[in-house]
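What follows is a single structure, written as structure tokens, with notes after it.
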Amino acid sequence: MTLIELQEVSKLYGFGDATTLALDEAMLSVEKGEFLAVMGPSGSGKSTLMNIIGLLDRPTHGIYLLDGRHVARLRTNQRAKMRRDRIGFVFQAYNLLPRLNVLENVALPLAYKGMTPVRRQKRASDLLELVGMRDREYFMPRQLSGGQAQRAAIARALINKPSIIIADEPTGNLDSTDSKVVMELFSDIHRRGNTILLVTHNPELTRYASRVIYMYDGMIVGDEKTAIGDMAKGARRIYYQKRKVTDDEIAGGVSAYLRDVPGKELASRSKRPGKRRRKKTPTRRRTVRRKVKI
Amino acid sequence: MLGIVIGVSSVVTIVSLGEGLKQQIVGQINQLGSDIITVRSGKLVSRNGSSSINNINVLAFLSTSTLTEKDVQAIGKLPSAAKVVPMSFVTSTAKGSRTTLDNLYVVGTSPDLADVLHQKVAYGAFFTEGEADQDFAVIGARVAEELFGELNPAGQSLSIMGKSFVVSGVLERSSGGLLSVAETDFNSAIFISQALARKLTGAHPNILQILVKSQDPNNLDVTANDVRSALLATHQGQENFTVLKQYELLDIASGVVNIVTAFITGIAAISLLVGGIGIMDIMLVSVSERMREIGIRKAVGATSRQILSQFLVEGLALSVGGGLIGVLVAMLINLGLRLYTNFDPVVTAPLVILAVGVSVGVGIIFSVAPALKAARKDPIDALRHE
């Protein structure tokens, strides 16, 4: 059963001379129950892809079907409810609310669902038991170690029994021990039948995945099914390989990108600053420049 | 929040002060009795036609008195006037056996005063007309206490403007507190006869007002008209005096208090507005500071409306809290005023409800913009916010 289907999904930032292509006609379909690892260098569009799949961001072009439904047709409110009920996020920076304690943080999505405090605290307590954080219920986030904070964040992601868990470099801030604990947790969740999308830089972590996709410059350049427990074959190779730009693409230049882009739509989009991380690698960024008619 | 506290507390304090003042004045005027007509110097009010008052001339309060002894005599001849009592303000200083008081009302008047004002004498007796051998004075309860240190100093002597007086009686303690438009505070008053007042000042004493008791309480209007005609005759047809009936006195007093109260309340209301803007400022800062929190909340499934209501509730909590603290502060100020001054502020339930209600309104109105800003933010933009 196809859970996520992306058809030629693109994401552009900025407009005019400074248009940046963060996602370039990505095609992807994810089956229910897959553990998908997404690899690629910084600025290759992994996070953008996750944000679009997680309904945090909207694609500039293309079709996104979640559970067979056209997401573009959903209103902001419906997207929020979708995020609440169907999708669990785990971020690299944990993103726990500093002013709430661990239990309240975990119970937060239930509050937005309108559950009574007693019931949601009980449920949050159960989830914390699951991630081995029961004894830290009343700690504040700043009192937790990175691994503990990330486990609390995973409990929060799981609390609404979502069908998709999106984890954007969840082990990025963790040492190897904590990484292992967190990854085992994900593995456990996967065995229970959840679909997991994991962004990572670490080839070792592809051992937990059932499928690995590789991204470069906003494009999905590789797709590999792997057995759980084995490291993906392409993980090291493609990660460090530089993609060659074809002569056709250079010749096509601006018009190749902008042919399908109605100017009106571009102009109406609010200015978005390019992602910070992308700016660190200016040589890899493809900047579309429009020739100005005089 | 501080802005709201200051705004609400000042509004409540000022309005309750005004309300208290009004009630005190009303109480004092009612003490006079309903059959009394008061004649005052200057044309204090403009009348709309013949009856109702439509304007108050504040300047007239400041002028020298235009009332003279001749007026008193003229009114005294009227058949409809039962009793005529002039009141002239002589001085404010008197020396007793122990000390000197500077905040008194030394008033020249006639023996009928006690009867007209329903003011009872607690000890001794009111002076009578024509006691030539000795100069008598009747004193208020506070004067007795502070000038002589005893409840009944009858027979002792005090000195006014270098002239010695014998205390003939002490008035009963009255409940009134302040010098109002119509009335003096009897507790702080020394009454001497009009003749002695004339002797002291060496000229015509400045007659503050003339109280006229009507022959027939049900025909107050007739008496008032008679008095007016009589005075017009002595004033060469120029109406530079005012004949006021009991209820009109009330109108004037509360009118003046209302004007002052409204003015100061206006200023206080501006501070409330400033407080509201302060709340908006705090909320805007809070929204930008908590952009990341908003992003996280949206990522875990908060709808725009839920974010909106969160920030509205926070703004509301700030303003309601500020409003309640403001009322509390006002109560404390009022308590202080009651303890250390003669003012008796009255905090009414509608006033508290209004003040808190306004602060709640201000809070909501000024929270809307920041809350909308928070709610409309795209989740991804909010999450990326540093």
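A short reminder: the numbers here are calculations on the coordinates, not readings from a lab. Not measured: the values here are computed from a predicted model. With ideal geometry, Cβ positions are generated from the backbone for all residues, glycine too; neighbour counts draw on all protein chains shown.
Working note: 222 nm ellipticity from helices only, DSSP H runs with n ≥ 4, each -39,500 (n - 2.57), summed and divided by the residues of chain B, gives -17000 deg cm²/dmol to the nearest 500.
Give me the Kirkwood hydrodynamic radius of region B:258-356, using the inverse of the mean 1/r over all pairs of distinct Cα atoms, in Å to one decimal.
Values: mean 1/r = 0.0611 Å⁻¹.
Here the Kirkwood hydrodynamic radius works out to 16.4 Å.
Longest stretch of chain B clear of exposed loop sites (trypsin sites (Lys or Arg not before Pro), DSSP loop, at most 13 other Cβ atoms within 10 Å, sites excluded): B:121-386. Of all the options B:Ser41, B:Ser188, B:Ser164, the one that moves most in a Gaussian network model of chain B with Cα springs shorter than 10 angstrom is B:Ser164.
In order along region B:194-209, the phi-based Karplus estimate (6.51 cos²θ - 1.76 cosθ + 1.60, θ = phi - 60°) of 3J(HN,Hα) comes to 4, 5, 5, 4, 5, 5, 5, 7, x, 7, 5, x, 6, 6, 6, 7 Hz; Gly and Pro are listed as x.
Computed over region A:82-144, the alpha-carbon pair-distance distribution with 10 angstrom bins reads 22, 56, 22, 0, each value a whole percent.
Here the protein assembly as shown carries DSSP beta bridges of which approximately 70% are antiparallel, counting only pairs with both residues inside.
Backbone amide hydrogens, once placed in the peptide plane, bring A:Phe35 within less than 5 Å of A:Ile196, A:Ser210, A:Arg211, excluding anything fewer than 5 places away on its chain. Each residue of region A:159-170 was assigned a 3J(HN,Hα) from its phi angle through the Karplus expression (A = 6.51, B = -1.76, C = 1.60, θ = phi - 60°), giving 5, 8, 6, x, 8, 10, 10, 10, 10, 9, 6, x Hz with x at Gly and Pro. Among beta bridges identified by DSSP and lying wholly in region B:67-239, the antiparallel ones come to about 70 percent.
Note on region B:67-239: Cα-only Rg and Dmax are 16.5, 50 Å. Straight-distance candidates among the aspartates and glutamates for linking to A:Lys122, with alpha-carbon spacing under 19 Å and chain neighbours fewer than 8 residues away dropped: A:Asp85, A:Glu104, A:Asp135, A:Glu137. Amide H contacts of B:Gly169 (H built 1.01 Å from N, in plane; Pro and chain starts excluded): B:Ala125, B:Ala137, B:Ile139 sit under 5 Å, all sequence-distant by 5 or more or on other chains.
Based on the Kirkwood radius over alpha-carbon pairs, what value in µm²/s does the Stokes-Einstein equation return for the translational diffusion coefficient of region A:1-149 at 10 °C and 1.306 mPa s? Numbers along the way, then the final one.
Details: Rh = 17.6 Å.
After rounding, the answer is 90 µm²/s.
For region B:93-109, backbone phi angles converted through the Karplus equation (6.51, -1.76, 1.60; θ = phi - 60°) give residue-by-residue couplings of 10, 8, 10, x, 6, 9, 8, 10, 10, 10, 10, 10, 10, 8, 10, x, 7 Hz, Gly and Pro being listed as x. Distant-in-sequence amide contacts of A:Val90, defined by a placed amide H-H separation under 5 Å and a gap of 5 or more residues or a different chain, comprise A:Ile166, A:Ala167, A:Asp168.
For chain B, lysine pairs separated by 8 or more sequence positions, or belonging to different chains, with Cα-Cα distances below 12 Å total 5. For chain B, a Gaussian network of Cα nodes joined below 10 Å ranks B:Glu146, B:Glu69, B:Glu293 by mean-square fluctuation, and the top entry is B:Glu293.
Here the ratio of the Cα radius of gyration of region B:93-147 to 2.2 N^0.38 Å is 1.20. Solvent-free Debye calculation, one equal scatterer per alpha-carbon of chain B: log10 I(q)/I(0) at 0.14 Å⁻¹ equals -1.14. The separation of region A:88-165 from region B:336-386, counted between C-alpha centres, amounts to 33 Å.
Counted over region A:64-187 with a bin width of 5 Å, the fraction of Cα pairs per bin, in whole percents, is 2, 12, 21, 23, 19, 12, 8, 4, 1.
In the protein assembly as shown, the alpha-carbon atoms span a convex hull of 269 Å³ per residue. What's the center-to-center distance, using Cα atoms, between region B:102-145 and region B:60-96 in Å? So the two Cα centres are separated by 15 Å.
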